[in-house]
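Following: one structure in structure tokens, then a few remarks.
The values are calculated or read from the model by the stated rules, or taken from the named source; none is laboratory data. Model, not experiment: these values are computed from the prediction. Virtual Cβ from ideal backbone geometry, glycine too; neighbours counted across all protein chains shown. Just so you know, the surface numbers come from the protein's heavy atoms only, side chains and all, with ligands and any DNA or RNA stripped out. Shrake-Rupley method; radii C 1.70, N 1.55, O 1.52, S 1.80 Å.
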Amino acid sequence: MLRVLTITNFVIVDHLELDFESGFSALTGETGAGKSILIDALSLALGARAESNPVRVGQSKSEITAEFDLANVADARRWLTENELADDDANVCLFRRVIDAGGRSKAFINGSSVTLSQMRDLGEKLVDIHGQHEHQTLLRRDAQLALLDDYADNTSARTAVAAAYAQWSELANIRATRQDNEAAIAREFEELTWHIRELEKLNFTPARWEETLAEQRRLANAASLISVAENAISGLSEEDNSVIGIVDDLAHEVGNAVDADPALRDIHHLMTTASVELGEAVSSLRHYLRKLEVDPARLADCDREISAVMEMARKFRIEPAWIPDYLQQKRDRLTSLGGGQSLDDLITKESAAEAAYRELAKKLTRTRQSAAKTFSAEITKSLQELAMPGGRFAVEFVPREPGASGLEGCEFLVAAHEGQTLGPLAKIASGGELSRVSLAIQLMSSARGGVATMIFDEVDSGIGGRVAEVVGRLLRRLGEKPGAKSGGSDAKHQVLAVTHLPQVAACAVHQFQVAKGASDGVVTTNIVLLSRKARVEEIARMLGGMTITATTRKHAEEMLAGAAKRA
């Protein structure tokens, strides 16, 4: 649930810090005052992309922070833990978005830098925002099918269908390519297979190649290396005037002189150390000689291996080091053409993939058809409440070619009043009726969903009078329902609605007023939580416009009292 929203230098907002509670809150104000600024700011805090630069004129950056209480949102806590973003207090989450005047932005969750995609991923688990133009999206068939799938909780089933369709499509493309170019592909198969076999026989790896080159150099120069080592051993330790003997004698003389002058002690130590290290060098040279031998047979093997690699590299016009990558390219190409399988094998695999897809798709179809019945019944019931007596809603399925979303599309049908034939939503419903159908779907989907915070941005556009009062009561009722993922606790939904209708605002438990003002020629917007007395004045303004009379105040008082009584 959203607890605190802080906005700084955003559009025409200087600084705002708003505290929120559970239940239904209304956001009201005069036209043009900036009622939707709060929604826009929260959307950015949750990872939305800025359509234009939101930084207040004359400022270097805009900053928005949103604090959420996660006590009853297990999904969000789990997400934070999995992404190593959980705070010390697991029940609190802080979103922060900073956008500079140049349009660059930074995003943070609990103080850690994150991507906008991560922000959106977590935000979707916390807030559901319904815009005032959603009824336009509702006219698209793909959006209608997505709504039905959301209602039916078909996310995993639809993902499985999409994956099965992708596998079937890939095999179908491979089979079609093979079938259309059978002769040419057969020749390419043969050539690829031969190339791969020849390359694999090299058993080439960069490490093995470097080791072979080093061994070949050593074996090719074995005789001279032996001579060098033997001469070094002889000169250091075996000749009459060997280097080690001379150093030892000199060290002994210097050692005898240490008593006469202690300053020679360090020099004596260095000379003694040099003698020891020369002795170790002799030992290492003898060990080296024992391992080093002239091996013409092994040298010939190395020469043949190097020659084979160089010949293959020349044949394919590549550097030896590129052989592994080149081999993988050949393998990938062979796989793309069916992996050397016969056309019959490809047809069999394609048929199996198609069968697996159709089985999953038919199961998804049955789930959709079952959900469509209760979906239609619930929407029809809501339409009655929204002053559409006799109104009916239904879902009609339309078969279509197999695709990632299944074997069918759907179309929403509506009859706006008694006696009217069901017809496509786009053709039957008027603007006001379409708004009510959209609102009914949004309210129902929100009530069923697991998101604790729901925001409605002027979704009551196009309605008024008694219907507006019904909408207000429905929003209040929605705010009083326990959160779907509250784990059995008494935690309520949180509903925030931007509205211009007094009937809706009167039903709210809390009401915020948006007001625009000017100081020194600078226009700013402010948002305040209204007291009961201030709510009467605001609702009276919404009822009567600029001139507020005792009658409009009385009417406003009655509306607030009536809403509280019906709660």
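Some points to look at:
- Residue 541 sits among other residues whose Cβ lies under 12 Å from its own Cβ, and their net charge, with Lys and Arg +1 and Asp and Glu -1, is -1.
- Residue 310 contributes an accessible area of around 70 Å² to the protein surface, as traced by a 1.4 Å probe with all chains present.
- For region 1-96, alpha-carbon Rg over 2.2 N^0.38 Å: 1.19
- Kirkwood hydrodynamic radius of region 489-553, from inverse mean 1/r over distinct Cα pairs, in Å: 13.6
- For peptides 35-48, 103-116, sequence by mean Cβ density within 10 Å, most packed first: 35-48, 103-116
- Across region 282-375, counting alpha-carbon atoms alone, Rg and Dmax equal 29.6, 94 Å.
- Computed from Cα atoms, the angle from the helix 155-180 axis to the main principal axis of the chain rounds to 60 degrees.
- Cα Rg, Dmax (largest Cα-Cα span) when computed across region 251-332, Å: 27.6, 81
- With N the number of residues in region 347-417, Rg(Cα) / (2.2 N^0.38 Å) evaluates to 1.51.
- Cross-link reach is defined here as a Cα-Cα straight distance under 17 Å, omitting same-chain residues fewer than 8 places apart; for residue 516 the lysines meeting it are 35.
- The chain: C-alpha gyration tensor shape, a/c 1.5 cut-off, then a/b vs b/c: oblate
- Per residue, the chain reaches -18000 deg cm²/dmol at 222 nm when only DSSP H runs of four or more residues are counted, each adding -39500 (n - 2.57).
- Taking all C-alpha pairs of region 140-225, those more than 16 Å from each other amount to 77 percent.
- Each of the peptides 26-34, 359-367 was scored by the mean count of other Cβ atoms within 10 Å over its residues; in descending order, highest first, they stand as 26-34, 359-367.
- Here residue 362 is the anchor, and the lysines within straight C-alpha reach of less than 27 Å, apart from those fewer than 8 places off in the same chain, are 349, 373.
- Our Cα-only numbers for region 44-135 put the radius of gyration and Dmax at 14.1, 42 Å.
- Contact order relative to length of region 1-146, as percent, for alpha carbon pairs under 8 angstrom and 6 or more apart: 23
- Between region 1-39 and region 223-278, the C-alpha centres lie 87 angstrom from each other.
- Candidate lysines - alpha carbon under 19 Å from residue 125, same-chain residues fewer than 8 apart omitted: 481, 485, 492
- Under Stokes-Einstein, with the Kirkwood radius over Cα pairs as Rh, the value for region 253-412 at 37 °C and 0.692 mPa s is 124 µm²/s.
- Relative contact order, percent, the chain [alpha-carbon distance under 8 Å, six or more residues apart]: 22
- Accessible area in the full protein assembly, largest first, 1.4 Å probe, for 194, 168: 194, 168
- Relative packing of 282-291, 379-388, which averages over residues the other C-beta atoms within 10 Å, highest first: 379-388, 282-291
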